[in-house]
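Notes follow the structure.
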Amino acid sequence: MRRSTQPSPADAVLESPESVLRLEIPPRAEFVAVARLVVSTAAKSRRSLADDKVADLTLALSEACTNAIEAHDAKDEADRVRIRVDEDDARLVVTVQDQGPGFDLMELPTHPAVTDPDRLNFERGLGIPIIRNLVDEVTFTSDSGGTTVTMILNCPPSSGGLTADAVELEEFNEMDLEAAWDDEVAP
Amino acid sequence: MDLGIEVDEGRSPFVVVAVRGEVDIATAPKLREKLVELASQGAQQVVVDLEGVEFLDSTGLGVLIGGMKRLRGLDGDLSLVCTQPRILKVFEITGLNRAFTIHETVDAAVAG
């Protein structure tokens, strides 16, 4: 099932993007592990990626989701963090969109050099440098309606047809994640 | 996803904290609480064994930095045991491999 009809942040960077996955999670910490599992499965099934590149993407996604959840700060239970995976022949694009208050990119703190003892004063704020290091391209757009992180990996599609992982992914796309969570996990 | 934390206080003066599972925004608070608890109980030399960790992101790094600063403020220290390339990479790309002493085995860590 393709969902190319809705506009996506990936439209700005891919010429004819195809939607691989859409996932909405409540802005709560326990859902980040689910997002990592689903997106890494999507990447492995759709693209020809070495294991260490999948691990890099998984870490970058975790950082983006963590920032998104912290931006929400549990303000509104109805809010969602929207995660999309899109692709074309050359690239995989993962976007994480929150509905938080946004931030001014120019006001991000600059970390001291790693040899500077003051570096240890930065227990937080390591996420964005990590993302920049792990993906081929990343853009941040932010305004009062929220922040979107667009992460791009240059990688060819996987050879062959849909793998078993991809079939599972199609089924996952049909699930209502929160309902499944409530049924299986919540007391 | 639960985080496994086992504390071995039998290698005095070192306290060895073995961590298992994924350390992220959901699970890192559990590790933070344990490190704070150990420091408040008088532990000074803490070794965090990351060999059982499958995933660690900046939230986990933040907890380890916080633990190290807390212990150094008490004239102690926090060192790490890690040989997994994927976990070591997180320290390397943030430059924190130079801030922490990272050992290959718990035996090497408690040998000082």
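The numbers here are math on the coordinates, done by the rules we state, and not lab data. Being a predicted model, the structure only gives us computed values, none of them experimental. Ideal geometry is used to build each Cβ from the backbone, glycine not excepted, and the neighbour counts take in all protein chains shown.
Under 5 Å between amide H atoms, partner at least 5 residues away or on a different chain: which partners does B:Gly52 have, H built in plane at 1.01 Å?
B:Val19
How much length, in nm to one decimal, is gained on full extension between B:Asp8 and B:Arg72, taken as 0.36 nm per residue of separation minus their Cα-Cα distance?
Fully extending the segment from B:Asp8 to B:Arg72 adds 21.0 nm.
Just counting partner chain Cβ atoms within 10 Å, what average do the residues of peptide B:89-97 show around their Cβ?
5
Less than 12 Å Cβ to Cβ from A:Arg132, Lys/Arg counted +1 and Asp/Glu -1: what total charge do the surrounding residues give?
-4
Given the DSSP H assignment, sum -39500 (n - 2.57) over each helix run of at least 4 residues in chain B and divide by its residue total; what's the result at 222 nm in deg cm²/dmol, nearest 500?
Calculated at 222 nm, the ellipticity per residue is -11500 deg cm²/dmol.
Under a Cβ-Cβ cut-off of 10 Å, what is the net charge of the residues other than A:Leu61 that fall near it, where Lys and Arg count +1 and Asp and Glu count -1?
Around A:Leu61, the surrounding residues sum to -2.
Once you list every other residue whose beta carbon is under 10 Å from the beta carbon of A:Glu87, what net charge do they have if Lys and Arg are +1 and Asp and Glu are -1?
-1
Mind checking the mean number of beta-carbon atoms from other chains within 10 Å of the Cβ atoms in A:33-40?
2
Applying the Karplus parametrisation 6.51 cos²θ - 1.76 cosθ + 1.60 with θ = phi - 60° to the phi angles of the stretch A:142-157, what ³J(HN,Hα) value in whole Hz is obtained for each residue in order, glycine and proline being reported as x?
My calculation for the stretch A:142-157 gives 8, 8, 5, x, x, 10, 10, 10, 10, 10, 10, 10, 7, 6, x, x Hz in order.
Within 10 Å of each Cβ in B:82-88, how many Cβ atoms from other chains are there, averaged over the peptide?
Mean partner-chain Cβ count within 10 Å for B:82-88: 1.
What's the center-to-center distance, using Cα atoms, between the stretch B:1-71 and the stretch A:40-95 in Å?
Between the Cα centre of the stretch B:1-71 and that of the stretch A:40-95, the gap is 27 Å.
Taking R0 as 41 Å, what FRET efficiency do you get between B:Glu51 and A:Asp11 from their Cβ-Cβ distance, rounded to the nearest 0.05?
Efficiency, from the Cβ-Cβ distance: 0.40.
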